[in-house]
1. Has region 15-34 got any residue that is farther than 25 Å from GLU94 by Cα and modelled with pLDDT under 75?
2. Just to be sure, is LEU93 modelled with pLDDT under 95, part of a helix (DSSP H, G or I), closer than 12 Å to ILE5 by Cβ and not β-branched (Val, Ile, Thr)?
3. Filter region 19-35 for residues that are surrounded by 13 or more Cβ atoms within 10 Å (Cβ to Cβ) and more than 16 Å from the chain's Cα centre (by Cα) and give the result.
4. Could we say that ARG38 is basic (Lys, Arg), under 20 Å from PHE105 (Cβ atoms) and either more than 15 Å from the chain's Cα centre (by Cα) or at pLDDT 95 or above (or both) here?
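The values are calculated or read from the model by the stated rules, or taken from the named source; none is laboratory data. Please read all numbers here as calculations on a predicted model, not as lab measurements. Neighbour counts are summed over all protein chains in view; Cβ atoms, including those assigned to glycine, are modelled from backbone coordinates with ideal geometry.
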Amino acid sequence: MKYMIMMFGGVGETLRDRTPEWIAEMHALLMGIDAELRESGELVDSQKLMDPRAAKTARFVDDAALPTDGPFAEVKESLAGYWIIEGTEERALEIVSRVVKYIEFPMEVRQIMDQPPAM
């Protein structure tokens, strides 16, 4: 099974009250998990996302899609990055538990829908 592990947070909100040491340790933790997943062959894909201030938003306005630089989707937490792993739900939850214990921000695990075999 494939699972997407999503990390949420905004740069300002996540790092506002954190020390440089905390930020360095968080970076080391995330890079360590990334390396672990790569070495074990569990990693399918992993990406970090730009700050949400660089996002574009599309809304349905006057019977048409209108892409804009904002206002942005109204969410307290925005997607900051993700891992897609091949493994079990238990393994995905073990990974997020390690990160959440340190960063104290929510993460989400979602199974990726199985795709039918190519014909």
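1. Step one: filter region 15-34 for residues farther than 25 Å from GLU94 by Cα, giving 16-17, 19-20.
Now narrow it down to the ones that are modelled with pLDDT under 75: none.
Scanning region 15-34 turns up no residue that is farther than 25 Å from GLU94 by Cα and modelled with pLDDT under 75.
2. Numbers: modelled with pLDDT under 95: no; part of a helix (DSSP H, G or I): yes; closer than 12 Å to ILE5 by Cβ: yes; not β-branched (Val, Ile, Thr): yes.
No; evaluated as a whole, the condition is false for this residue.
3. Kept after step one, since they are surrounded by 13 or more Cβ atoms within 10 Å (Cβ to Cβ), are these residues of region 19-35: 22, 25-26, 29-30, 33-34.
Matches in region 19-35: TRP22, GLU25.
4. Considered against the rule, which asks whether it is basic (Lys, Arg), under 20 Å from PHE105 (Cβ atoms) and either more than 15 Å from the chain's Cα centre (by Cα) or at pLDDT 95 or above (or both), ARG38 comes out as no.
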